[in-house]
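See structure below.
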Amino acid sequence: MFKNSDIPPSADTETIIGSTVKVEGDFVGKGNIVVEGEVSGSLKTDGEVRIGTRATINANISAASAMIAGTVHGNISVSERLDLTETALIDGDITAKSVSMTPGAVFNGKCAMGGSSKQPVQTSSYKNAKKEEATEDN
Amino acid sequence: MYLYLYDALVGDKKHEKTIVRIEHRLTDLGINGRIARSTILTNPKIIVRDAIRRGVKTVVAVGGDSLIHSIITSLVGTDAALGIIPLGDNQSLANILGIPKNEAACDVLSARKIEYIDLGKINNTYFLTSASVLSDAIKITCDGNFTVQPVKKKSQTSVYNFREMPDDTPPAYRHFFNPQDGILEATIEPLGFSLTNNILKTFGKERSPKIDRIDSIFPIKKVRIESTEPDKSIPVIVDGQPMLETPVTIEVAPQKLKVIVGKGRLF
């Protein structure tokens, strides 16, 4: 009855936003959320957010932890761990206790980690970094 | 005091012997009571309402899902419990509540294990299982905070209170559709059209669309379903019967129904 997702939901998944729907507005959940479709507005939960490869998010995300494999245009704030897979594309700022980034992931924005009050570190995509390096060499 | 409400199908000759066995078993267990028959000339809602007014504490539906659906609203807000003796086809409610077929159900009635379950409320009507819309041109507003719209053709949007799950359902999904959790589940399910069905369609023998997967699930307490096409209403199927048209508002009515359940219940 249930389709095979590219991100298998965990046992306590509360919400599944599938690839055939578009969600608009302020989504507030209490458990784990799997997203494979489109979300615009904001996405907030006390649990984990898993963004699939086909998902497009135009929203700020706030969660306990997150795993991103799709596209996010917006800021991501997690109190624990943030995982970016090789297909992730983030256009926004990140705040997390810890971050893991697989080679291939693209991240354009600022990153604040460890729950400290340190100034966020400005980062850019691999392509932009290469361009900046080339400019400096010249 | 018991009321046994017989479905119209009970009059069918093929059920004659089963009914005799059921009535004997009820007498043996000392839980026999008044018998009323649902026919095309009688309204089961009124029969149940009158019986409860006269002091009936247990209303037993002897029949299938459609009989049960037709009397739910009369039981809400009363102290009467719903019992079921499944007879005939369409027994998904009895399966969910763990009621065995025919005279074996009498022992479950006698054991009288009571559970309070949630109902769905659509406009002013209560439902047990689901309300569905077979259209893509709809928008649903969940708990007043966000909207959900299908973006692909051929899908069904439903709001479930509970639902029978196949045995191979993955553990990750088993906690959904629980009628005692105080929430409803809004689902979007793309409809599959097989090659066989396309061939049958050519010959005018199209089968009902098969739901091949659940795409999205949203836990909600209140939801509004409306058409995205101006001035167009879409039929809403409530507990398997076309009953209303969009726009509709659906909300959960927690712990609203007292039911007698069996050991094999699915929640």
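Each reported figure results from applying straightforward, stated rules to the coordinates on display, with no laboratory input. Note that the structure is predicted; figures quoted are calculated from it, not measured. No Cβ is skipped: glycine too gets one built from the backbone with ideal geometry, and neighbour counts run over all protein chains shown.
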Quiz prompt | Long-range amide H partners of B:Thr228 with built H, under 5 Å | solution = B:Ile138, B:Lys139
Quiz prompt | Dipole magnitude of the protein assembly as shown, debye to nearest 20 (Cβ charges: Lys/Arg +1, Asp/Glu -1, about Cα centre) | solution = 1400 debye
Exercise. Place +1 on the Cβ of every Lys and Arg and -1 on the Cβ of every Asp and Glu in chain B, take the dipole about the Cα centre, and give the residue among B:Pro171, B:Tyr116, B:Ala104 whose Cα lies farthest towards its positive end.
Key: B:Ala104
Practice problem: Per DSSP H run of at least 4 residues, take -39500 (n - 2.57); add these up for chain B, divide by its residues and hand me the 222 nm value, nearest 500 deg cm²/dmol. | Solution: -6000 deg cm²/dmol
Quiz item: Amide H to amide H, which residues 5 or more places from B:Leu191 or on other chains are under 5 Å from it, using H placed in the peptide plane?
Solution: B:Ser155, B:Gln156
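Given the convex hull over the Cα atoms of the protein assembly as shown, what projected area results after averaging over all orientations, in nm²? Numbers along the way, then the final one.
On the way: hull surface 105.3 nm².
Projected over every direction and averaged, the Cα hull of the protein assembly as shown covers 26.3 nm².
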Exercise. Would you pull out the residues with amide H under 5 Å of B:Asp143's amide H, same chain only if 5 or more places away, H placed 1.01 Å from N?
Key: B:Lys221, B:Lys222, B:Val223, B:Arg224
Exercise. Quote the FRET efficiency, to the nearest 0.05, computed for B:Arg49 versus A:Ser100 with a Förster distance R0 of 56 Å and r equal to the Cβ-Cβ distance.
Key: 0.35
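Just order B:169-176, A:16-23 by mean Cβ neighbour count inside 10 Å, highest at the front, would you? Before the final figure, lay out the partial values.
On the way: B:169-176: 14.9, A:16-23: 23.9.
Going from most to least packed, we get A:16-23, B:169-176.
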Quiz item: Given a cut-off of under 8 Å on Cα pairs at least six residues apart, what relative contact order in percent is computed for chain B?
Solution: 22 percent
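Dividing the convex hull volume of the alpha carbon atoms of segment B:2-112 by its residue count, what do you get in Å³ per residue? Please report the intermediate quantities before stating the final value.
On the way: hull volume 10.3 nm³, N = 111.
Taking only Cα atoms, segment B:2-112 has a hull volume of 93 Å³ per residue.
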Exercise. Would you tell me the mean number of C-beta atoms belonging to other protein chains that fall within 10 Å of each C-beta in B:150-157, as a whole number?
Key: 3
Quiz prompt | 10 Å Cβ neighbours from other chains, averaged over peptide A:55-68 | solution = 0
Exercise. Using label points projected 7 Å from each Cα along Cα→Cβ, tell me how many nm separate B:Ala8 and B:Lys221, to one decimal.
Key: 4.1 nm
Quiz item: Using alpha carbon centroids, what distance separates segment B:112-165 and segment B:224-253, in Å?
Solution: 10 Å
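Taking the mean number of other Cβ atoms within 10 Å as a proxy for protection, how do you rank B:214-225, B:33-44 from highest to lowest?
Numbers: B:214-225: 21.3, B:33-44: 14.8.
With the highest mean Cβ count within 10 Å placed first, the list reads B:214-225, B:33-44.
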Quiz item: How large is ³J(HN,Hα) for each residue in segment B:238-254, as worked out from phi by the Karplus curve 6.51 cos²θ - 1.76 cosθ + 1.60 (θ = phi - 60°), to whole Hz, x for Gly and Pro?
Solution: 10, 6, x, 10, x, 10, 10, 10, 5, x, 9, 10, 10, 9, 7, 10, x
Quiz prompt | For segment B:65-74, 3J(HN,Hα) per residue [Karplus equation, 6.51 cos²θ - 1.76 cosθ + 1.60, θ = phi - 60°, Hz, x = Gly/Pro] | solution = 4, 5, 5, 5, 4, 6, 10, 4, 4, 6
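Let me know the mean shielding of A:34-45 by other chains, meaning the per-residue number of their Cβ atoms within 10 Å of its Cβ. Please list the in-between numbers first.
Details: counts 3, 1, 2, 7, 2, 1, 2, 3, 2, 1, 0, 0.
Mean partner shielding for this stretch: 2.
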Quiz item: In whole Å, what are the Cα extents of chain B along the three principal axes, biggest one first?
Solution: 58, 45, 41
Quiz item: Taking θ as phi - 60°, what are the ³J(HN,Hα) couplings along segment B:128-143 by the Karplus curve (6.51, -1.76, 1.60), each to the nearest whole Hz, with x for Gly and Pro?
Solution: 8, 9, 7, 10, 10, 10, 9, 6, 9, 7, 9, 10, 10, 10, 9, 6
